Every structure is written in structure tokens, then in C-alpha cells.
Amino acid sequence: MKSLLFSRFLLLLPWVLIVIIVLDIDSSRAPLPARAPRGGAAGSGEPRSAAARPPPQRRPEAALPTIYAITPTYSRPVQKAELTRLANTFRQVARLHWILVEDAAARSELVTRFVAGAGLPCTHLHVPTPRRYKRPGLPRATEQRNAGLAWLRQRHQHLPPPQPGVLFFADDDNTYSLELFQEMRTTRKVSVWPVGLVGGRRYERPVVENGKVVGWYTGWRADRPFAIDMAGFAVSLQVILSHPKAVFKRRGSQPGMQESDFLKQITTVEELEPKANNCTKVLVWHTRTEKVNLANEPKYHLDTVTIEV
Ligand code: UDP
Ligand code: MN
């Protein structure tokens, strides 16, 4: 009995030793927890160790519909700050393609540089708003949103059948939760959800009964066909492509009617898909950045260096 146990022990011993050696080699390979930056703008600089952490599961990202975010943007002192905040959000969203449209006659150096370092797929377009439309009370960013739509349609023109995708209009000054992107990703035709801090109220929202939109909770012009902010809906790429003429209009459009004018061309209220727990959660906020005080900014350049802000 003793000799049997001893022979078993001898048989197992080399295997145990091999396992111990392999484990030892592996842990000595683990890099020091130094913050060595990895290449690329999106590098996190986090230490990585094959032994400490199992290899990340490949997420089935290829199957995810791409989210196209069209962002009109214009030059002002806070522009780079707004874009930085937005990119920090978008960088955390899988398969997001940013369509950044400058309200300008040419691409600016600031935005061009910013896009190059943004660390996410980005298309940089530009179109100037005609001067006659740059007046208070007139809709903003009509031409820029249309330029984004035109790019999207052109890109998919020669690619039938279209890849699954969702379009969303993301103004540069709003605040977006990451949950919002999970919600909109499953848009089949046109989806809707509440928007916080808009319309003179804490929030506006589509009113939902039995899974269908039946009205609008809003403090302003409840008679609008779609009483919803630009940040309150998403449209599937399929719908954008099958309605090639649907655009934002200048002609005949009253203030605050851009969303309704656009949505009327592609859907009906009955067809809308409520998101965010039947439109009972605020996942996006229509925040607006305070006009910055530059009262003490010198008239002529005084500093010894020139800094992009
Ligand atoms: N915008 C623009 N050109 C302008 C004014 C605004 O491209 O002359 C952009 C702006 O950067 C934002 C969107 O249009 O992404 C909506 O503008 P804003 O946030 O000023 O509108 P509001 O908050 O009043 O809806
Ligand atoms: Mn805004």
C-alpha cells in the first residue's frame, strides 16, 4: 500500500513541478504596473497582464448597427471645450461614427487638429450658413445637418444592402448618457425618448400608452405634430436611405418646427418606437453653455506664446 502511494506520488511530482514553473514564468512576464502609454489617441495607458487578467472576450461588435452622430458645430470661445466633452463621451460608445459638420466656409485648423486626435471614427465636413439665416429666432444648423444627411446617403449609395445603422443628431453642447446609445442602437425605424432641461421645463417627453406614443408632455407648442427636441429621436439608416428627399427646410419653417418638419417626411406618430423605459427616463439633457466672459482679454496679442483654447 505504502509503495503504491509512493509510486503515485513520484508519477505526479514532475507534473506538479511543470505547473509551478509555468505559473512562475507567466507571472514574471507581467509588466510592472507602470503607466506606459500605448500608441494611438484612444490608448488608455493601463497596465495589461495576460496572467492577471484573462484575454478580453471578443465582443460581437461587428453585428452591432453603427450609430452615426451628426454634430453641427461653429467657431466660438467654448468650441474646443464642447467638442472635447463630446468626444470623451463618444469614445466610450462602440461602433459610433461621428459626422462633424462645421458651420464655416472651410475646415478650420482647430477642428481639423481636434478630429485627428479625437481617437474615434470621424468624418469632418463643412458648409457655411448663409448670412441671411444667421439671425436670432431662425433655426440653427439646418445646412449642416443636411450636409451630414447627404454624406450618409452618398456613402451608402453604392453599398446595397445597407449596413445596419442608426442616425442621431447630436448638438455639440448637450449632455449624453452612455445608456442613451444602448437604447437608440435598437431603433427599427424611428425611436423617441425624453429630453431633460428643454422647452422651459425640467423635461419634455412623448406620452406612451400600451407601448405607443399618444401625445406629448411639453411646455411649449403642444400642437406641434412631433413636439420633440432634436436630441429626442433617432432614425434607422434604412429609413434615411428610403426617403432620399427628407431634409431640414429653411422655406416655410417656423422656429421650433425643424424636428416636426423633418419627422413628418419619414414617419407617423403611430409608428414611433418609445425608448428609455416607455419614455420615463431622461438620458439626454439639452444643456447650454454659458457665454464666456472675455472682458479682460487684451485687444492685441500680449503673451509670448500662442495657445489654442
Ligand atoms: N450651430 C451652428 N451654427 C450656428 C449656431 C449653432 O452650427 O450659427 C450648432 C451648434 O454648435 C449646435 C447646434 O447648431 O451643435 C444647435 O445650436 P445651439 O446649441 O446654439 O442651439 P439650441 O441650444 O438653442 O438648440
Ligand atoms: Mn444647444
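At a glance:
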{"item": "DSSP-assigned coil residues among chymotrypsin sites (Phe, Trp or Tyr not before Pro) in region 243-309, each with at most 12 further Cβ atoms within 10 Å", "result": "TYR300"}
{"item": "Coil-residue trypsin sites (Lys or Arg not before Pro) of region 109-175, DSSP, other Cβ within 10 Å capped at 12", "result": "LYS134"}
{"item": "For region 91-235: rounded, prolate or oblate by the Cα gyration tensor [a/c cutoff 1.5]", "result": "oblate"}
{"item": "Per residue Cα convex hull volume in Å³ - calculated over region 196-309", "result": "195"}
{"item": "Loop GluC sites (Glu not before Pro), region 254-309, which have at most 13 other Cβ atoms in a 10 Å radius of their Cβ (DSSP)", "result": "GLU290, GLU308"}
{"item": "Length added when fully stretched, ILE307-TRP220, from 0.36 nm per residue minus Cα-Cα", "result": "27.1 nm"}
{"item": "Theoretical gain in end-to-end length, ASN296 to LYS80 [0.36 nm per residue, Cα-Cα removed]", "result": "75.7 nm"}
{"item": "Subset of LYS80/LYS281; LYS189/LYS245; LYS212/LYS245; LYS212/LYS249; LYS212/LYS275; LYS80/LYS291 violating a 19 Å alpha-carbon distance limit", "result": "LYS80/LYS281; LYS212/LYS245; LYS212/LYS249"}
{"item": "Calculated diffusion of region 216-269, Stokes-Einstein form, Kirkwood radius summed over Cα pairs, 4 °C and 1.567 mPa s, µm²/s", "result": "109"}
{"item": "Stokes-Einstein translational diffusion, region 59-144 - Kirkwood Rh over all Cα pairs, 1.567 mPa s, 4 °C, in µm²/s", "result": "93"}
{"item": "Ranking of CYS122, CYS279 by count of other Cβ atoms within 10 Å, fewest first", "result": "CYS122, CYS279"}
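Only the coordinates and a few stated rules stand behind these numbers; no lab work does. Keep in mind that what you see is a predicted model, and the values were worked out from it rather than measured. Heads up, the Cβs are rebuilt from the backbone with ideal geometry, glycines too, and the neighbour counts pull from every protein chain shown.
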